[in-house]
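Contents: one structure, followed by commentary.
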Protein chains: 2
Amino acid sequence: MPDDSGNTFSMVTCNAPVNIAVIKYWGKRDEECILPINSSLSVTLHQDQLKTTTTVACSRSFQEDRIWLNGKEEDINQPRLQSCLREIRRLARKRRSDGEGGVDLAGLSHKVHICSVNNFPTAAGLASSAAGYACLVYTLARVMGVEGELSAVARQGSGSACRSMYGGFVQWIMGQREDGKDSVAQQVEPETHWPELRILVLVVSAERKPVGSTSGMQTSVETSSLLKHRSDSVVPARMKEMIDAVHRKDFAAFAELTMKDSNQFHAICLDTYPPIFYLNDVSRHIINLVHHYNQHYREARVAYTFDAGPNAVIYTLQQHVDEFLQVVKHFFPPETNGGQFVKGLPVASTTLTEELRQAIGMEPMVKGISYIISTKAGPGPCIVEEPSQHLLGSDGLPKESA
Amino acid sequence: MPDDSGNTFSMVTCNAPVNIAVIKYWGKRDEECILPINSSLSVTLHQDQLKTTTTVACSRSFQEDRIWLNGKEEDINQPRLQSCLREIRRLARKRRSDGEGGVDLAGLSHKVHICSVNNFPTAAGLASSAAGYACLVYTLARVMGVEGELSAVARQGSGSACRSMYGGFVQWIMGQREDGKDSVAQQVEPETHWPELRILVLVVSAERKPVGSTSGMQTSVETSSLLKHRSDSVVPARMKEMIDAVHRKDFAAFAELTMKDSNQFHAICLDTYPPIFYLNDVSRHIINLVHHYNQHYREARVAYTFDAGPNAVIYTLQQHVDEFLQVVKHFFPPETNGGQFVKGLPVASTTLTEELRQAIGMEPMVKGISYIISTKAGPGPCIVEEPSQHLLGSDGLPKESA
């Protein structure tokens, strides 16, 4: 790391992943600290397909803290950004006063410049805030020499960001304490545990922006008569079952729980007043397609899950990917716009049998899906060693490409 | 009534109404007797707009029981039809052996011919089975001289049919007994109680037939983790509140509870595995429209409820009907097919203000709604005295017009 004298920078660049919950987080018991009313569990997606990259520079020459997101300067004074900055600085000061920090510690009174970009379209509704805050916290910690458990800090940026602090299969333990110190993420299994697991993100051609998840879950907590029952009675048992299914690599159990929990989350949204809708007719079409496909084979070969938007995330096993993608292409014929319909991990062409087509027996829905990202489970945040990858230039401002 | 000698008939014709629940029935505790897991409450619609007419003829010359529904002979051996027939005959025999029946009692060993028609399109998904079974039971009872509480018999044809045995505001008390004797409908208030209440049936252009409610609710009972909580904890309180709102004619309370309970019913459908979808994008569009409309006026002026299909039933007060229909017409422009868009009770034309249009601020959705039936609360089943209205001719077979 460069030293902190004169006009030079401490500059660090890191990547962090997106995660997709299979047991959903919906509802806070504390809005300020972002403490959830139930535990949750997710799979971390591979950063080759979806990641956030963040560069943090720290210099005595900076006049103020600044942040650029996807090429546009944003307000650094957003409360959640401030929570993360304040918390990392506090940990850094603590570390210094404990005598653990070295000369490589950036000046704690120095201002930071933050630049962050996603390698996937932000408009696609792919829960970029989890990757974004995980990356911010991970990078700030590196710049300021903070080590140890950081998921509780990332949580204060965006609840589900805490799960993006680890690779593989990750649980967010809700915790009991009022200060949230025990509300942390933990790796259940690393990304190498279940290499056959594959993930397909079906980006649905959305028309409108849905209700934001922060205000949505707040309204749910206030008005849904079913939410408390879910958090108190349903989720604890499902967490145990899900962790067990992941340990055993039992895809059928994993798939059924995943679909049931996605459905229940959207049921809670519908039980909210006024109701919140994230699923649309395309989403419902995908859900029916998955059930018909599984029913044809009399086993759960694919599972869907939907977050706060109409996009489907499909979990399946390597051996079913090619065929299932053929099915999706048949029932959601892509627009012939010359673009690539399936991005990411390679897919082999297969032919769809007439028998399977008839067994599914649905009407094809043209233009329902914009494109598909094919990926798998991946690692947690990591540092980018190559200096040319920094998003900030030697002037402390975003490079043109960022 | 004609006597029963020679080749003459006992013939009776009755009308019965459709009812639309505002606290929903979903889930049975006994499939055979059709006993629900929670009480429910409905409004009986006026028969000028929606009714079933049934003629029952009884003659020693008939070789077998037969039934014609909407011009087509159907299988009389359907278990539910048989339940109703058996039960009415049992009550008639009991009455005769008690010495209460007179010479006007039709021969109990005689076979019946039943002919039934709706005055509304059956394909429109307007829960015709409730009106149908209510009318069947009411007419059979008249033919066979059975009096007294009949909702428990109608219930055995189709659960919600028991509520169509009364006019106005009707509750179906779930009951506790295993034989279902205490699972009966009761009038909460007659149809004259709240004359300002108006009802608009928005018939949505449906594409596909949804999952039938019998199999749907069975799957919900088996798989939804939220359903039991709803029936045990949510509905009992809502029934009290709803009855109170009806007594007080408190439209705001009535409206909010109606919408919340419709949403919760559909939430339970979504929490079912595999999930059941009755709402589509048009339904959701209507829901959003209603909330935006109410939010504009800062009071609940209209309320939606949806049964096992995409059609919306709107409750509102007389003074808001004309304007709200203008809003619906604007945001769901009808197909210009020359047909009448609003049928039933007369509607005055008003102009939609630019302010209201902008406050709702949605994109119009062309062809989403086929047509609208404008109606109000109405009376229970009634006998048709005019012999020319019989649906069966002197040969005991359907008249051509039926």
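Each value in this text was obtained by applying a stated rule to the coordinates, not by laboratory testing. Remember, it's a predicted structure, so these values are computed and weren't measured experimentally. All Cβ positions, glycine included, derive from the backbone under ideal geometry; neighbour counts span all protein chains shown.
Simple spin-label estimate for B:Glu196 and A:Gln358 gives 6.1 nm between the two label positions (7 Å along the Cα-to-Cβ direction from each Cα).
Counting Cβ atoms of other protein chains within 10 Å of each residue's Cβ and taking the mean over peptide A:180-189 gives 0.
Within straight-line reach of A:Lys343, meaning a Cα separation under 18 Å, sit the following aspartates and glutamates at least 8 residues removed in sequence or on another chain: A:Asp48, A:Asp322, A:Glu323, A:Glu335. Of the cross-linked pairs B:Lys51/B:Lys111; B:Lys28/B:Lys329; A:Lys51/A:Lys111; A:Lys111/A:Lys181; A:Lys51/A:Lys228; A:Lys94/A:Lys240, those separated by over 31 Å at the C-alpha level are B:Lys28/B:Lys329; A:Lys51/A:Lys228; A:Lys94/A:Lys240.
In the protein assembly as shown, a dipole from Cβ-located charges (positive for Lys and Arg, negative for Asp and Glu) runs towards its positive end, and of B:Ser97, B:Cys14, A:Ala348 it is B:Ser97 whose Cα lies farthest in that direction. One way to sum up the overall shape of the protein assembly as shown is the equivalent ellipsoid from its Cα gyration tensor, whose semi-axes run 61, 26, 24 Å, largest first. Relative contact order of the stretch A:197-376, taken over Cα pairs closer than 8 Å and 6 or more residues apart, is 35 percent.
Looking at chain B alone, DSSP beta bridges between its own residues are antiparallel in about 90 percent of cases. Counting, for every residue in A:226-239, the Cβ atoms of other protein chains within 10 Å of its Cβ and taking the mean gives 3. For A:Lys72, the aspartates and glutamates whose Cα falls under 15 Å of its own Cα, not counting residues fewer than eight places away in the same chain, are A:Glu400.
Each residue of the stretch A:290-299 was assigned a 3J(HN,Hα) from its phi angle through the Karplus curve 6.51 cos²θ - 1.76 cosθ + 1.60 (θ = phi - 60°); the sequence is 4, 5, 5, 4, 5, 4, 4, 8, 6, 7 Hz, with glycine and proline shown as x. Close amide-amide hydrogen proximity is noted between B:Val112 and B:Asp65, B:Arg66, each under 5 Å apart and 5 or more residues distant or on a separate chain (H modeled in the peptide plane; Pro and chain starts excluded). If only the Cβ of Lys and Arg carry +1 and only the Cβ of Asp and Glu carry -1, the dipole of the protein assembly as shown around its Cα centre is close to 400 debye. Under 5 Å between amide hydrogens, built in the peptide plane, is the criterion, and for B:Leu392 it picks out B:Lys399 among residues at least 5 positions away or on other chains.
If R0 is 41 Å, the Cβ-Cβ spacing of B:Glu147 and B:Glu299 corresponds to a FRET efficiency of close to 0.35. Local charge for A:Leu352 was computed over the other residues whose Cβ lies under 14 Å away, with Lys and Arg +1 and Asp and Glu -1, and equals -2. Between the alpha-carbon centres of the stretch B:295-360 and the stretch A:162-231 there is a gap of 39 Å. Placing +1 on the Cβ of every Lys and Arg and -1 on the Cβ of every Asp and Glu, with nothing else charged, gives chain A a dipole about its Cα centre of roughly 360 debye. Whole-Hz Karplus values for the stretch B:30-40 come out as 8, 5, 5, 7, 6, 10, x, 8, 8, 5, 8 Hz, taken residue by residue from phi with 6.51 cos²θ - 1.76 cosθ + 1.60 and θ = phi - 60°; glycine and proline positions read x. With N the number of residues in the stretch A:197-376, Rg(Cα) / (2.2 N^0.38 Å) evaluates to 1.07. In a simple Cβ point-charge model (Lys, Arg +1; Asp, Glu -1; nothing else charged), the stretch B:197-376 has a dipole of about 300 debye relative to its Cα centre.
Structural descriptor for the stretch A:226-306: relative contact order 35 percent, calculated from alpha carbon pairs under 8 angstrom and at least 6 residues apart.
Sorting the segments B:148-157, A:355-364 by their residues' average number of neighbouring beta-carbon atoms within 10 angstrom, most packed first, yields B:148-157, A:355-364.
Indicate the gyration tensor shape class of the stretch B:175-241 (rounded, prolate or oblate), computed on the Cα atoms with a ≥ b ≥ c the square roots of the eigenvalues: a/c under 1.5 is rounded; otherwise a/b larger than b/c is prolate and the rest oblate. Verdict is oblate for the stretch B:175-241.
Near B:Val188, the amide H atoms lying under 5 Å from its own belong to B:Phe169, B:Val170, B:Gln171; only residues 5 or more places off or on other chains count, and H is placed 1.01 Å from N. Taking all Cα pairs closer than 8 Å and separated by 6 or more residues, the relative contact order of chain B comes to 23 percent. Using the average count of surrounding beta-carbon atoms within 10 Å as a protection proxy, the listed peptides A:18-31, B:381-394, B:274-287, B:159-172 rank, highest first, as B:159-172, A:18-31, B:274-287, B:381-394.
Computed from backbone phi, the HN-Hα couplings of the stretch B:315-327 come to 9, 8, 9, 2, 5, 9, 4, 4, 5, 4, 5, 4, 4 Hz, rounded to whole numbers (Karplus: 6.51 cos²θ - 1.76 cosθ + 1.60, θ = phi - 60°; Gly and Pro given as x). Reducing the stretch B:236-256 and the stretch A:25-61 to their Cα centroids gives an inter-centroid distance of 43 Å.
In terms of the mean number of neighbouring beta-carbon atoms within 10 Å, the peptides B:82-94, B:341-353 order highest first as B:82-94, B:341-353. By the gyration tensor of its Cα atoms, with a ≥ b ≥ c the square roots of the eigenvalues, what is the shape of chain A: rounded for a/c under 1.5, prolate for a/b over b/c, or oblate? Prolate shape, in that a/c is at least 1.5 and a/b is the bigger ratio. Shape of the stretch A:129-280 from the C-alpha gyration tensor: rounded (a/c under 1.5, with a ≥ b ≥ c the square roots of its eigenvalues). Shielding by partners for peptide A:254-261, expressed as the average number of C-beta atoms from other protein chains within 10 Å of each residue's C-beta, is 2.
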